[in-house]
Amino acid sequence: MTEVWYLARPTWDPEEFRERVAPEEAERAQRFRSPDDAGRFLASRALLRAVAARAVEGDPLALRFDRSCPRCGHPGHGPPRLATDLEHRARVHLSVCRAGGAVAVAVAPHAVGLDAEPIGAGVLDVVDGCFTAAERAWLRSYPGGDQAGRALHLWVAKEAIGKLAGLGLAGMERVRVPM
(Lines give C-alpha, C1' and ligand atoms only; values in the text may rest on other atoms or scores of the structure.)
Protein backbone atom coordinates (compact mmCIF):
# COMPACT_ATOMS: atom_id res chain seq x y z
CA MET A 1 0.00 0.00 0.00
CA THR A 2 1.23 3.50 -0.82
CA GLU A 3 1.26 5.95 2.07
CA VAL A 4 1.80 9.70 1.94
CA TRP A 5 2.89 11.49 5.10
CA TYR A 6 3.08 15.25 5.37
CA LEU A 7 3.77 18.17 7.66
CA ALA A 8 2.32 21.60 6.99
CA ARG A 9 3.46 24.82 8.65
CA PRO A 10 3.40 28.51 7.86
CA THR A 11 7.14 28.71 8.74
CA TRP A 12 9.91 26.21 9.46
CA ASP A 13 12.32 26.39 12.40
CA PRO A 14 15.55 24.48 11.68
CA GLU A 15 16.21 23.87 15.36
CA GLU A 16 13.03 21.82 15.69
CA PHE A 17 14.34 19.11 13.35
CA ARG A 18 18.15 19.30 13.67
CA GLU A 19 18.42 16.41 16.15
CA ARG A 20 16.24 14.15 13.97
CA VAL A 21 18.58 14.09 10.98
CA ALA A 22 22.08 12.85 10.18
CA PRO A 23 25.03 15.21 10.75
CA GLU A 24 25.61 15.64 7.00
CA GLU A 25 21.97 16.70 6.56
CA ALA A 26 22.28 19.25 9.37
CA GLU A 27 25.49 20.52 7.75
CA ARG A 28 23.79 20.84 4.36
CA ALA A 29 20.95 22.84 5.95
CA GLN A 30 23.48 25.41 7.14
CA ARG A 31 24.21 26.27 3.50
CA PHE A 32 20.62 27.41 2.87
CA ARG A 33 20.28 31.19 2.75
CA SER A 34 17.01 31.40 4.64
CA PRO A 35 16.23 29.76 7.98
CA ASP A 36 12.77 28.89 6.61
CA ASP A 37 14.32 26.96 3.68
CA ALA A 38 16.77 25.24 6.03
CA GLY A 39 13.92 24.29 8.36
CA ARG A 40 11.80 22.96 5.48
CA PHE A 41 14.78 20.88 4.25
CA LEU A 42 15.44 19.46 7.72
CA ALA A 43 11.73 18.74 8.22
CA SER A 44 11.62 16.81 4.94
CA ARG A 45 14.71 14.78 5.91
CA ALA A 46 13.35 14.08 9.41
CA LEU A 47 10.02 13.00 7.94
CA LEU A 48 11.80 10.83 5.36
CA ARG A 49 13.77 9.13 8.13
CA ALA A 50 10.68 8.59 10.29
CA VAL A 51 8.61 7.16 7.42
CA ALA A 52 11.42 4.91 6.14
CA ALA A 53 12.22 3.70 9.67
CA ARG A 54 8.57 2.83 10.22
CA ALA A 55 8.54 0.85 6.95
CA VAL A 56 11.61 -1.21 7.89
CA GLU A 57 11.12 -1.16 11.67
CA GLY A 58 14.49 0.50 12.16
CA ASP A 59 16.15 3.42 13.88
CA PRO A 60 15.59 6.64 11.88
CA LEU A 61 19.08 7.98 12.62
CA ALA A 62 20.77 4.68 11.69
CA LEU A 63 19.33 4.72 8.16
CA ARG A 64 21.56 5.70 5.26
CA PHE A 65 20.21 6.87 1.94
CA ASP A 66 21.59 6.68 -1.57
CA ARG A 67 20.56 9.52 -3.89
CA SER A 68 22.40 8.32 -6.99
CA CYS A 69 20.57 9.14 -10.19
CA PRO A 70 19.35 5.94 -11.89
CA ARG A 71 19.98 7.52 -15.31
CA CYS A 72 23.39 9.16 -15.01
CA GLY A 73 24.78 7.88 -11.69
CA HIS A 74 25.29 11.38 -10.23
CA PRO A 75 25.38 10.93 -6.43
CA GLY A 76 23.14 13.83 -5.51
CA HIS A 77 20.00 14.18 -7.59
CA GLY A 78 18.28 10.82 -7.69
CA PRO A 79 15.33 9.69 -5.61
CA PRO A 80 16.15 8.70 -2.04
CA ARG A 81 16.73 4.96 -1.65
CA LEU A 82 17.68 3.05 1.44
CA ALA A 83 21.38 2.24 1.28
CA THR A 84 21.69 0.42 4.57
CA ASP A 85 19.87 -2.82 3.77
CA LEU A 86 19.53 -4.22 0.26
CA GLU A 87 16.50 -6.34 1.20
CA HIS A 88 14.59 -3.23 2.32
CA ARG A 89 15.91 -1.20 -0.59
CA ALA A 90 14.20 -3.57 -3.03
CA ARG A 91 10.80 -3.34 -1.33
CA VAL A 92 10.69 0.19 0.10
CA HIS A 93 10.41 3.00 -2.45
CA LEU A 94 10.35 6.65 -1.41
CA SER A 95 9.60 10.06 -2.88
CA VAL A 96 10.00 13.42 -1.14
CA CYS A 97 8.75 16.91 -1.89
CA ARG A 98 9.11 20.32 -0.26
CA ALA A 99 6.87 23.14 -1.35
CA GLY A 100 5.95 26.33 0.43
CA GLY A 101 4.40 25.42 3.74
CA ALA A 102 4.43 21.66 3.20
CA VAL A 103 6.82 18.74 3.16
CA ALA A 104 5.68 15.26 2.20
CA VAL A 105 7.04 11.74 1.83
CA ALA A 106 5.48 8.87 -0.08
CA VAL A 107 6.45 5.29 0.73
CA ALA A 108 5.35 2.32 -1.35
CA PRO A 109 6.28 -1.28 -2.23
CA HIS A 110 6.78 -0.08 -5.84
CA ALA A 111 8.29 2.97 -7.54
CA VAL A 112 6.46 6.13 -6.52
CA GLY A 113 6.56 9.82 -7.45
CA LEU A 114 5.24 12.70 -5.36
CA ASP A 115 5.12 16.42 -5.97
CA ALA A 116 3.41 19.51 -4.60
CA GLU A 117 3.66 23.18 -5.47
CA PRO A 118 2.24 26.24 -3.75
CA ILE A 119 -0.62 27.97 -5.51
CA GLY A 120 0.67 30.96 -7.40
CA ALA A 121 3.99 29.34 -8.29
CA GLY A 122 5.41 30.71 -11.54
CA VAL A 123 4.31 27.71 -13.56
CA LEU A 124 3.27 29.74 -16.60
CA ASP A 125 6.93 30.73 -16.95
CA VAL A 126 7.92 27.14 -17.82
CA VAL A 127 5.01 26.23 -20.08
CA ASP A 128 6.91 26.43 -23.36
CA GLY A 129 9.83 24.31 -22.18
CA CYS A 130 7.94 21.62 -20.29
CA PHE A 131 4.49 21.27 -21.82
CA THR A 132 3.57 19.58 -25.08
CA ALA A 133 1.92 21.54 -27.88
CA ALA A 134 -1.40 19.85 -27.03
CA GLU A 135 -1.06 20.84 -23.36
CA ARG A 136 -0.27 24.46 -24.28
CA ALA A 137 -3.32 24.54 -26.58
CA TRP A 138 -5.46 23.06 -23.79
CA LEU A 139 -4.27 25.78 -21.42
CA ARG A 140 -5.06 28.54 -23.91
CA SER A 141 -8.53 27.11 -24.61
CA TYR A 142 -9.74 27.26 -21.02
CA PRO A 143 -12.75 29.59 -21.03
CA GLY A 144 -12.49 30.54 -17.35
CA GLY A 145 -9.08 32.09 -17.78
CA ASP A 146 -7.46 30.17 -14.92
CA GLN A 147 -4.52 29.07 -17.02
CA ALA A 148 -2.18 29.27 -14.03
CA GLY A 149 -4.33 26.81 -12.04
CA ARG A 150 -4.52 24.38 -14.93
CA ALA A 151 -0.79 24.75 -15.57
CA LEU A 152 -0.06 24.04 -11.91
CA HIS A 153 -2.07 20.80 -12.06
CA LEU A 154 -0.17 19.71 -15.17
CA TRP A 155 3.20 20.70 -13.70
CA VAL A 156 2.64 18.75 -10.46
CA ALA A 157 1.54 15.68 -12.42
CA LYS A 158 4.57 15.91 -14.71
CA GLU A 159 7.03 16.37 -11.88
CA ALA A 160 5.56 13.39 -9.99
CA ILE A 161 5.86 11.31 -13.18
CA GLY A 162 9.44 12.51 -13.60
CA LYS A 163 10.26 11.45 -10.06
CA LEU A 164 8.57 8.09 -10.56
CA ALA A 165 10.47 7.44 -13.78
CA GLY A 166 13.76 8.66 -12.36
CA LEU A 167 13.93 11.45 -14.95
CA GLY A 168 13.56 14.43 -12.67
CA LEU A 169 12.66 17.40 -14.85
CA ALA A 170 14.56 16.15 -17.91
CA GLY A 171 12.34 15.57 -20.90
CA MET A 172 9.13 16.92 -19.40
CA GLU A 173 8.11 18.24 -22.81
CA ARG A 174 7.97 14.58 -23.93
CA VAL A 175 5.68 13.50 -21.04
CA ARG A 176 2.00 13.84 -21.89
CA VAL A 177 -0.53 14.16 -19.12
CA PRO A 178 -4.05 13.15 -20.27
CA MET A 179 -6.45 16.09 -19.95
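Given 0.36 nm per residue, what is the gain on full extension from ASP59 to HIS153 after removing their alpha carbon distance, in nm?
Values: separation 94, 0.36 × 94 = 33.84 nm, distance 3.61 nm.
So the extension gain works out to 30.2 nm.
What does the extension gain come out to for ASP66 and ASP125, with contour length at 0.36 nm per residue minus their alpha carbon separation? Walk me through the intermediate numbers first.
On the way: separation 59, 0.36 × 59 = 21.24 nm, distance 3.21 nm.
18.0 nm is the gain from fully extending ASP66 to ASP125.
For helix 147-165, what angle does its Cα long axis make with the longest principal axis of the chain, in degrees from 0 to 90 and rounded to 10?
Rounded to the nearest ten degrees, it is 40.
Placing unit charges on C-beta atoms (Lys and Arg positive, Asp and Glu negative, everything else neutral), compute the dipole magnitude of the chain about its Cα centre in debye, rounded to 20.
That gives a dipole near 420 debye.
Report D for the chain in µm² per second (integer): Stokes-Einstein, Kirkwood Rh on Cα pairs, 20 °C, 1.002 mPa s. Can you show the working numbers first?
On the way: Rh = 17.4 Å.
D, rounded to a whole number, is 123 µm²/s.
With each label point set 7 Å from Cα along the Cα-Cβ vector, what nm distance links PHE32 and ALA83?
2.1
Beta carbons within 10 angstrom, averaged per residue: use that to sort the peptides 155-161, 95-101, highest first.
Details: 155-161: 20.3, 95-101: 18.0.
Result, highest mean Cβ count within 10 Å first: 155-161, 95-101.
As a test question: what accessible area, to the nearest 10 Å², does ARG67 have when a 1.4 Å probe is rolled over all protein chains in place?
ARG67 exposes around 70 Å² with every protein chain in place.
Per residue, how much accessible surface does the chain expose to a 1.4 Å probe? Answer in Å², no decimals.
55
Output the 0 to 90 degree angle, nearest 10, between the alpha-carbon long axis of helix 35-56 and the longest principal axis computed from the alpha carbons of the chain.
For 35-56 against the chain, the angle is about 70 degrees.
Sorted from largest down, what three extents in whole angstroms do the Cα atoms of the stretch 1-102 have along their principal axes?
Answer, in whole Å and largest first: 37, 29, 22 Å.
The values are calculated or read from the model by the stated rules, or taken from the named source; none is laboratory data. It should be emphasised that the depicted structure is a prediction, and the values quoted were computed from it without experimental measurement. As a convention, Cβ positions derive from the backbone with ideal geometry for all residues, glycine included, and neighbour counts pool all protein chains shown. We work out accessible area using only protein heavy atoms, side chains counted, and drop any ligands, DNA or RNA first. Shrake-Rupley method; radii C 1.70, N 1.55, O 1.52, S 1.80 Å.
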